[in-house]
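Below you'll find the structure, written out as structure tokens, and then a few comments.
The values are calculated or read from the model by the stated rules, or taken from the named source; none is laboratory data. These numbers were taken from a predicted model, which means no experiment stands behind them. Note: ideal-geometry Cβ built from the backbone for every residue, glycine included; neighbour counts use all protein chains shown.
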Amino acid sequence: MAKVKKAFFCKNCGFEAPKWLGRCPSCGEWNTFTEEIIARESGSVAATVAGPLPAAKPQRVGDIRESEHRRIDVGNSEVNRVLGGGMVPGSLILLGGEPGIGKSTLSLQIALAANGLKTLYVSGEESAEQIKMRAARLGIGNDECLIYPETLLENIVNQIGEHRPDLVVIDSIQTIYTDLLDSSAGSVSQIRECAATLLKYAKGSGTSIFIIGHITKEGAIAGPKILEHIVDVVLQFEGDNNQVYRILRGIKNRFGATFEIGVFEMLDAGLRPVGNPSEILLTHYDAPLSGIAVGASVDGIRPYLIEVQALVSNAAYGTPQRTATGFDYKRMSMLLAVLEKRVGMKMYTKDVFLNFAGGFKVADPGLDLAIIAAVISSYYDRPIGEGICCAGEVGLSGEVRPAPRTEQRISEAARLGFRRIVVSGYLPKGAKRPKGIEVVAINSIDQLPRALFINEE
């Protein structure tokens with residue numbers, strides 16, 4: 001007979017305490033403890049549900065044989081890119097994102113992709129009829145895909161063991177529970193134990209498992225922080241519900257590089273991979289417009305060009321307005337202060353509005369120069385010369401510092417037909433320069449107008 005007891009768990013890190021604590025002694029966060037009713041049996045939940053682990057013995061480092069991880073094509077080019085070339089057998093992958101962003105659509109597209117994989121789609125939130133309706137809308141068919149509406153962990157593990165699929169998708173981890181614990185589904189203890197059980201089964205059977213996780217209002221994946229430590233890969237699905245573009249970002253990857261991104265376009269027929277983000281983030285106008293600049297950005301290791309829009313107008317009230325969409329408001333305020341101090345522009349009398357094309361949220365410091373270029377263009381109401389882009393970080397003294405991966409930014413601008421790019425003059429000498437594009441090096445932002453308005457000289 002299991003002994004029922006109360007325990008308090010930290011929602012941030014999963015730390016267990018016998019009584020409520022104001023501050024977690026493990027992670028240091030305040031007011032994160034919640035009370036749960038749990039039942040402990042002899043042995044762990046993972047061992048009870050998934051079976052005993054094979055006996056392991058210590059080995060010398062020199063005796064361990066290296067084996068290259070085999071990659072499996074999931075039938076989606078952007079997902080393969082973020083995973084580092086494909087899915088590794090036996091991996092546990094966590095996909096997080098806001099409600100309505102497209103997590104279930106993306107996971108169902110992966111399960112239904114015609115890639116020859118035998119898949120099992122476990123849904124704890126939708127019925128089989130609802131999933132069938134979405135699959136019909138996506139227009140993708142896979143006879144090897146099995147739909148299984150279930151929330152009990154023991155039943156899910158039994159079905160995985162019976163059908164032996166190559167890929168399992170669980171939507172979502174917050175709805176799965178085990179009978180060995182008395183706490184409700186979505187609690188800290190349930191999420192932790194269910195994830196540990198799935199990890200044990202994935203490693204033992206070689207079956208790859210995708211688990212979907214909801215996020216909190218702060219933007220973190222709901223549940224204990226230990227959930228992100230348990231899994232092999234953490235993917236974050238980002239985007240604005242009012243925009244059609246979505247970004248799949250790799251936060252953690254034990255089998256490849258992190259902070260790689262994949263770009264998708266949300267259509268009526270599902271998510272379409274975007275192989276060239278630069279084309280969708282650049283707008284071609286019939287006539288040159290002021291306040292528009294093009295910045296060469298790098299997200300992870302992927303370069304792309306993005307349009308920066310700025311509007312500078314006279315302040316109608318005593319306090320000028322500052323609005324930034326898709327960019328850090330504090331950093332924009334810092335760049336405006338640098339313009340006022342180092343260039344002499346009277347920004348304290350101006351309202352400034354900043355926006356990035358496509359609803360993208362960017363945090364690349366290499367876009368500082370493009371933002372300042374858009375502000376200068378709108379301030380003087382002078383369009384920037386056609387075919388010009390910028391890449392550089394701006395310091396408090398007005399100096400232009402080299403942006404990370406500047407060579408990749410220059411190559412991307414040259415590939416898209418831009419004829420001039422403004423970069424930092426502090427770049428290392430001897431770097432490769434692609435043909436067909438002029439690289440203009442400046443050391444401070446007071447040299448930027450001369451490089452931008454070449455058509456009016």
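Key figures for this structure:
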item: Members of the range 406-449 found to be assigned to a strand (DSSP E or B), farther than 22 Å from residue 299 by Cβ and not hydrophobic (A, V, I, L, M, F, W, C), listed by number; result: 420, 438, 444
item: Residue match in the range 237-253 (condition: under 20 Å from residue 374 (Cβ atoms) and of a type in the set (Val, Ile, Thr)); result: no
item: Residue that is closer than 30 Å to residue 238 by Cα and under 26 Å from the mean Cα position of the chain (by Cα), where the choices are 417, 366; result: 366
item: The one condition in (1) touching a residue at least 40 places away in the same chain (Cβ under 8 Å); (2) farther than 30 Å from residue 234 by Cα; (3) out of contact with any Pro (no Cβ under 7 Å at 6 or more places or on another chain); (4) not hydrophobic (A, V, I, L, M, F, W, C) that residue 322 fails to fulfil; result: (1)
item: Hey, residue 287 in a loop (DSSP other than H, G, I, E, B), in the same structural domain as residue 415 (by TED's automatic domain parsing) and surrounded by fewer than 18 Cβ atoms within 10 Å (Cβ to Cβ) or not; result: yes
item: Any hit, the range 249-257, residues being in a loop (DSSP other than H, G, I, E, B), at pLDDT 85 or above and at positive phi; result: no
item: Residue 304 vs. criteria among the aromatic types (Phe, Trp, Tyr), touching a strand residue (DSSP E or B) at 6+ places or on another chain (Cβ under 7 Å) and either over 18 Å from residue 364 (Cβ atoms) or assigned by TED's automatic domain parsing to the domain that holds residue 371 (or both); result: yes
item: Residue pairs meeting the criteria (Cβ under 6 Å; at least 6 apart or on separate chains; first under 15 Å from residue 229 (Cβ atoms) and not assigned by TED's automatic domain parsing to the domain that holds residue 187, in the range 8-31; second at pLDDT 85 or above and assigned to a loop (DSSP other than H, G, I, E, B)); result: 10/24; 15/24
item: Residue satisfying condition, being free of Cβ contacts under 8 Å to residues at least 24 places away in the same chain and over 30 Å from residue 350 (Cβ atoms), within set 265, 260; result: 265
item: Residue 283 being at pLDDT below 90 and under 25 Å from the mean Cα position of the chain (by Cα); result: yes
item: Pair list, Cβ under 6 Å, 6 or more apart: the range 133-148 residue among the β-branched types (Val, Ile, Thr), other residue assigned to a helix (DSSP H, G or I) and exposed (fewer than 13 other Cβ atoms within 10 Å of the Cβ); result: 147/128
item: Among the residues listed as 431, 441, the single one being at pLDDT 90 or above, more than 26 Å from residue 381 (Cβ to Cβ) and either within 32 Å of the chain's Cα centre (by Cα) or of a type outside the set (Phe, Trp, Tyr) (or both); result: 441
item: Within the range 315-332, considering residues that are within 24 Å of residue 383 (Cα to Cα) and of a type in the set (A, V, I, L, M), the one nearest to the chain's Cα centre (by Cα); result: 324
item: Residue check, residue 403 out of contact with any Cys (no Cβ under 7 Å at 6 or more places or on another chain), in a loop (DSSP other than H, G, I, E, B), within 28 Å of residue 260 (Cα to Cα) and of a type in the set (A, V, I, L, M, F, W, C); result: yes
item: Strands (runs of 3 or more DSSP E) contained in the range 2-98 and holding at least 2 residues modelled with pLDDT under 80 and basic (Lys, Arg); result: 3-10
item: Residues satisfying the stated conditions in the range 131-187, i.e. of a type in the set (A, V, I, L, M) and more than 27 Å from the chain's Cα centre (by Cα); result: 133, 136, 146, 147, 152, 153, 156, 157, 160, 180, 181
item: Filter pass, residue 192 being basic (Lys, Arg), surrounded by fewer than 20 Cβ atoms within 10 Å (Cβ to Cβ) and either over 28 Å from the mean Cα position of the chain (by Cα) or farther than 19 Å from residue 72 by Cα (or both); result: no
item: Subset of the range 232-282 [touching a Gly at 6+ places or on another chain (Cβ under 6 Å) and charged (D, E, K, R)]; result: 240, 246, 260
item: Of all residues in the range 286-314 being under 18 Å from the mean Cα position of the chain (by Cα) and of a type in the set (Val, Ile, Thr), the one that is modelled with the highest pLDDT; result: 306
